[in-house]
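Okay, structure first, notes after.
The values are calculated or read from the model by the stated rules, or taken from the named source; none is laboratory data. Because the structure is predicted, anything quoted here is derived from the model rather than measured. Glycine also receives a Cβ, built like all others from the backbone with ideal geometry; neighbour counts cover every protein chain displayed.
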Amino acid sequence: MADCQRDFHGLMDQVLAGSEEAARDLVALYGPAVLRAVRRQLNQRLRSKFDSEDFVQDVWASFFAAPPRLNNFKTPDDLAGFLVGVARHKVLDAVRQRLQRQRYNLNREQSLHDASRPVRERLIATQPSPSTAAMNKEEWEELLRRQPLVYRRILLKVREGQSPAEIAADQAISERTVRRVIARVLPGYAP
């Protein structure tokens, strides 16, 4: 028992002196206890959001960034208890943030598979994809190229959203002619 205490205090003195090897030994010795504490405390719903090892690293980063007075730890159990407490608090902070605060609250998240139909419908793109738009433009230009000049003018006005009556007045032709051209070139189009 006295050798264990002597080894513990020697390790702590080396950590205080800045020994990287001693720090690695400390992490190897107490890391599993910290990891167990994190996994015990981490809410099941948060396990998909957080990696337990991230919490462990955060505990060690806090410990080495501003080490407590290491001579306060009389026994290895004192240090283990301290590290487990730090781990518990780090996990609890994450739980509070993700389950209780409004901004990042997991309770507000909704799977797209479980979402109601109106939510899914709002997520569907209403605009064509860039490749579809490019193909549509090419098809439109090809359609126009094959038409006589009068038909092209009518079709361009249709595309601008003008009614057959407006197109007829603009082009000085009968509305019946405009409707016939639209029906012939754009079957299924209902102005």
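Each residue in the range 154-178 was checked for being surrounded by fewer than 17 Cβ atoms within 10 Å (Cβ to Cβ) and in a helix (DSSP H, G or I), and 10 of them qualify. Among the residues of the range 32-51, is there at least one that is over 30 Å from the mean Cα position of the chain (by Cα) and on the phi < 0 side of the Ramachandran plot? The answer is yes, given that some residue of the range 32-51 is over 30 Å from the mean Cα position of the chain (by Cα) and on the phi < 0 side of the Ramachandran plot. No other residue among Arg120, Arg146, Arg98, Arg88 is surrounded by 11 or more Cβ atoms within 10 Å (Cβ to Cβ), among the basic types (Lys, Arg) and modelled with pLDDT of 85 or more apart from Arg88. Within the range 141-158, restricting attention to residues that are more than 16 Å from Arg180 (Cα to Cα) and free of Cβ contacts under 8 Å to residues at least 12 places away in the same chain, the residue that is nearest to the chain's Cα centre (by Cα) is Glu141.
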